[in-house]
1. Would you check which residues across region 260-275 are open to solvent by less than 30 Å² (accessible area, probe 1.4 Å) and charged (D, E, K, R) and list them?
2. Listed residues 210, 257; which is open to solvent by 40 Å² or more (accessible area, probe 1.4 Å), assigned to a helix (DSSP H, G or I) and small (Gly, Ala, Ser)?
3. For region 177-206, what are the residues that are among the small types (Gly, Ala, Ser) and under 27 Å from residue 138 (Cβ atoms)?
4. When only residues in region 233-254 that are surrounded by 18 or more Cβ atoms within 10 Å (Cβ to Cβ) and touching a residue at least 40 places away in the same chain (Cβ under 8 Å) count, which is farthest from residue 191 (Cα to Cα)?
5. Limited to region 75-129, what total is found for residues that are part of a loop (DSSP other than H, G, I, E, B), among the charged types (D, E, K, R) and either touching a Gly at 6+ places or on another chain (Cβ under 9 Å) or closer than 19 Å to residue 57 by Cβ (or both)?
6. Considering only residues that are farther than 22 Å from residue 158 by Cβ and open to solvent by less than 40 Å² (accessible area, probe 1.4 Å), look in region 77-92 and name the one that is nearest to the chain's Cα centre (by Cα).
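The values are calculated or read from the model by the stated rules, or taken from the named source; none is laboratory data. It should be emphasised that the depicted structure is a prediction, and the values quoted were computed from it without experimental measurement. Ideal geometry is used to build each Cβ from the backbone, glycine not excepted, and the neighbour counts take in all protein chains shown. Note: areas computed on protein heavy atoms with side chains; ligands, DNA, RNA excluded. Shrake-Rupley method; radii C 1.70, N 1.55, O 1.52, S 1.80 Å.
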Amino acid sequence: MPGCLGSQPPPPKSFMSNQRQQKPTLTGQRFKTRKRDEKERFDPSQFQESIVQGLNQTGTDLEAVAKFLDASGAKLDYRRYAEILFDILVAGGMLAPGGTLSDDVTCTEFCLFKAQEDMETMQAYAQVFNKLIRRYKYLEKGFEEEIKKLLLFLKGFTESERNKLAMLTGILLANGNLSASILSSLFNENLVKEGVSACFAVKLFKSWLSEKDINSVAASLRKVGMDNRLMELFPANKRSCEHFSKYFTDAGLKELSDFARNQQSIGARKELQKELQDQMSRGDPLKDIIVYVREEIKKNNISEQTMIGLIWSSVMSSVEWNKKEELVTEQAIKHLKQYSPLLKAFTSQGLSELTLLLKIQEYCYDNIHFMKAFQKIVVLLYKADVLSEEAILKWYNEAHQAKGKSVFLEQMKKFVEWLKNAEEESESEEEEAD
């Protein structure tokens, strides 16, 4: 109704079409970039000058050096220039490929390579790196990469510089500042061929072992799979346990020689056990397996006690066992009867028999389905002349393990009594004959 409040005439058509056509547009106007938002140009020389100047001022006072580095991290871009920072701290300036100092930049005399060559000084330098990396955690990865690079540059350094780097690296490995994976750089073909790697490794391991024992060193090596690669410090024609052992023993590192020998022995045993299992799976004649085992004992200097343990494990791993307890005993007796000549061939000593008994006890305890089979297995091997009554009585009276002791001793009680009676009867018969 015309004139009523709230009632508005429709807007003109031209206004509607204009309103529809008005859309937001980008004007293309640019804001002036603030100076602090501009991407900083990569300028390593200016960064180097700042660090060199600070190190020249702090001099040989490593406490002051650590404080300077701590404070400078707030002003300088450590993340961007990490490699240059570590180059300066180690060598006094930025390193060119190969390990020589770049000519066109200022260097400092206050660095690791110019320091005194003794453990006390190297430990103090290790603390500088430790504090720096703890303060700026993001430098951790860059530091490992730096050490890997420096190891590849060893030929470019003097003997004294190599010694200092080896001592420092050993301390840092002991402190957990570095992973033993950095040692992979020492397997570089050129370094190995010229004997640089082995020589450097002697200094490094001496330093590491002065801080930690061989078990700790072994654990660190094992963690990154380096425990089986130490032979690679030598050229292929010298990559033997004998050469490694002599080289490091002569250098005063018998602990490392023994560790490497043990590692090789473990490796040889694993290979031997796998080969044994393969031979058994193929159904090779027992006489061929016995010949093979005897050759391996001789070649790898393995004791009969160790070998009987390997044979037992191989015999028990070469078959798929029934999951039912009442059927597994019968299966085990049948299987062991077949392989008793092999077990007999390598139990010529009382200690080997005892080792086998302990292995059987351990196996029956660890594999729950075999708990009731223990006594039957022992009796079978006694009848097959693999185990003697002396060994069984010794095991029963004093040499058994704690694992499942009460169960297994109870199982063996009647058989042991029978053995004792048989022994007494035999003795009385001998006395009567006399």
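1. The answer is none; no residue qualifies.
2. Unique residue meeting the criteria: 210.
3. 179, 180, 181, 184, 185
4. Result: 253.
5. So the answer is 3.
6. This residue is 82.
Yes/no matrix, rows are residues, columns are (1) touching a Lys or Arg at 6+ places or on another chain (Cβ under 9 Å); (2) open to solvent by less than 20 Å² (accessible area, probe 1.4 Å); (3) over 19 Å from residue 281 (Cβ atoms); (4) modelled with pLDDT under 90:
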| residue | (1), (2), (3), (4) |
| --- | --- |
| 309 | yes, yes, yes, no |
| 318 | no, no, no, yes |
| 380 | yes, no, yes, no |
| 391 | no, yes, yes, no |
| 394 | no, no, yes, no |
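Yes/no per residue for (1) touching a Leu at 6+ places or on another chain (Cβ under 6 Å); (2) closer than 19 Å to residue 392 by Cβ; (3) charged (D, E, K, R); (4) in a helix (DSSP H, G or I):
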position	(1), (2), (3), (4)
298	no, no, yes, yes
302	no, no, no, no
343	no, yes, no, yes
375	no, yes, no, yes
